[in-house]
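The values are calculated or read from the model by the stated rules, or taken from the named source; none is laboratory data. It should be emphasised that the depicted structure is a prediction, and the values quoted were computed from it without experimental measurement. Note that each Cβ is placed from the backbone with ideal geometry, even for glycine, and that neighbours are counted across all protein chains shown. Surface accessibility is based on the protein's heavy atoms, side chains included, excluding ligands, DNA and RNA. Shrake-Rupley method; radii C 1.70, N 1.55, O 1.52, S 1.80 Å.
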Amino acid sequence: MVTDTPGIHHITGIVRDGQRNLDFYTGVLGLRLVKQTVNFNEIFTRHLFYGDETGTPGTSLTFFPYPAEEDGRIGQPQITTAALVIPPGSIEYWSDRLTAHNIEFDGPFERFDETVLRFTDPDGTQLELVTGDSSVKPWPDGPIPTQHAIRGIHSVTIRSVSIFVTASVLDTLGFELVDQEGDRVRYQAPGDRAAIVDLLDRDGEFGREGVGSIHHVAVRISDEEELYEWHNLFRDRGYDVSRVHDRHFFHSLYLREPGGILFELTTEGPGLTFDVDTDTLGQSLYLPPSLEEDREMIEGQLQPLELPPALKPN
Ligand code: ZN
């Protein structure tokens, strides 16, 4: 038997410049760099993870920097937007902070009784800060005063080419239709964080994957055994589902559903702290053991990355 997912595990996007990405997510948004590794399928591409202090599932945005990739275009079918939670009293703080960093934003505006600021990261990835409750504790040593710091993922917004199929996949995973406002239909999973997916019932231009695109959204699955059960469930229903991969920090599989959205199903454990102490999280490049002997060669091929002073090892 499979059980409902409690919510989102992480969101992964494509960007051009790793340094610019690092500077924005740590320096402007105040997230912690919780893991640097390589794309396990393309080992000369970095994979950067940002999150709360320990990279708790439900707090992580991850990015692949592809220096030669062309710009993407927002459209269907795509995960168009990643939203992060801020405390209800923090809208003014964030408006001021974005302004101080010369980041243009829309809002604040109200949606589903929440207040929203909308902007893009330097690569064009669409982001929102949304007021709300979250069980996530802010990173106490981060650069943002803790009363205003980001509390993990709020939601993703999805534009599907087959809204009924995508809705049925969400329903199968454990997201329930809870509200609708205009062409935005809200689905919510039972967890205490990162539990929302908004489906936009909107036709329009087709998107193109590239710099500024969100590549996939991952949802949390309790363990590996259950992941295999999900694999069999989707396979038996005729979905395009990958085998289970060992990603070292978690096990996962990919589901490309007919609405055009790439979902990943990802185990909660062992988590990003499995190989290092919380104190040193994100400070060095993690490589799978099979690539360790080629570390020097791999590091030589990667775009250099200058860690912010606070992240440098002592
Ligand atoms: Zn992923």
**Asked** Each residue of region 109-121 in order: what ³J(HN,Hα) in whole Hz does its phi give by Karplus 6.51 cos²θ - 1.76 cosθ + 1.60, θ = phi - 60°, with x for Gly and Pro?
**Response** 10, 9, 8, 6, 6, 10, 9, 10, 10, 10, 7, 10, 7
**Prompt:** Using 1/(1 + (r/R0)^6) with R0 = 30 angstrom and r between the beta carbons of Leu302 and Glu104, what's the FRET efficiency to the nearest 0.05?
**Reply:** 0.45
**Item:** Amide proton proximity set for Asn39, modelled H, under 5 Å, gap of 5+
**Value:** Thr45, Arg46, His47
**Asked** Rounded to the nearest 0.05, what FRET efficiency is calculated for Asp183 and Ser284 with R0 set to 51 Å and r the Cβ-Cβ distance?
**Response** 0.65
**Asked** Nearest-5 percent of antiparallel DSSP beta bridges in region 129-258?
**Response** 75
**Message:** Just to be sure I understand: of the beta bridges DSSP finds with both ends in region 8-311, what percent are antiparallel, rounded to 5?
**Reply:** 70
**Asked** Roughly how many debye, to the nearest 20, is the charge dipole of region 1-60 about its Cα centre, given +1 on each Lys and Arg Cβ, -1 on each Asp and Glu Cβ, and no other charges?
**Response** 180
**Request:** Quickly estimate the mean residue ellipticity at 222 nm for the chain, helices only: each DSSP H run with n ≥ 4 gives -39500 (n - 2.57), and the total goes over all residues, rounded to 500.
**Result:** -4000 deg cm²/dmol
**Asked** Out of Val244, Gly210, Ala194, whose Cα points farthest toward the positive end of the dipole of region 160-262 (charges: +1 Lys, Arg; -1 Asp, Glu; placed on Cβ)?
**Response** Gly210
**Prompt:** Pulled fully out, how much extra length does the chain show between Thr120 and Glu224, if you take 0.36 nm times their separation in residues and subtract their Cα-Cα distance?
**Reply:** 33.9 nm
**Request:** Multiply the residue separation of Asp236 and Asp71 by 0.36 nm, subtract the distance between their alpha-carbon atoms, and state the gained length in nm to one decimal.
**Result:** 55.7 nm
**Asked** Label-point separation (nm) for Arg295 and Ser162, each offset 7 Å from Cα along Cα-to-Cβ?
**Response** 4.6
**Of all accessible heavy-atom area on region 8-311, the percent that carbon and sulfur account for (1.4 Å)** = 46
**Pair Arg111, Asp275: separation of 7 Å Cα→Cβ label points (nm)** = 3.7
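Report, in debye and to the nearest 20, how large the dipole of the chain comes out about its Cα centre when Lys and Arg carry +1 and Asp and Glu carry -1 on their Cβ.
280
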**Complete:** FRET efficiency (Gln147, Asp171; Cβ distance; R0 45 Å; to 0.05) is 0.75
**Prompt:** In terms of modelled amide H atoms, which long-range or inter-chain residues lie less than 5 Å from the amide H of Phe249?
**Reply:** none
**Message:** Using a 1.4 Å probe on the protein heavy atoms only, what accessible surface does Ser134 show? Give it in Å² to the nearest 10.
**Reply:** 40
**Prompt:** What is the packing order of peptides 218-229, 53-64, taking the mean over residues of other C-beta atoms within 10 Å and listing the highest first?
**Reply:** 53-64, 218-229
**Item:** Among 77-83, 118-124, 232-238, the order from most to least packed when residues are scored by Cβ within 10 Å on average
**Value:** 77-83, 118-124, 232-238
**Request:** Give me the Debye-computed log₁₀ of I(q)/I(0) at q = 0.09, 0.10, 0.13 Å⁻¹ for the chain, equal point scatterers on Cα only, no solvent, two decimals.
**Result:** -0.42, -0.53, -0.93
**Item:** Mean accessible surface per residue for region 8-311, computed with a 1.4 Å probe while every protein chain stays in place, in Å²
**Value:** 42
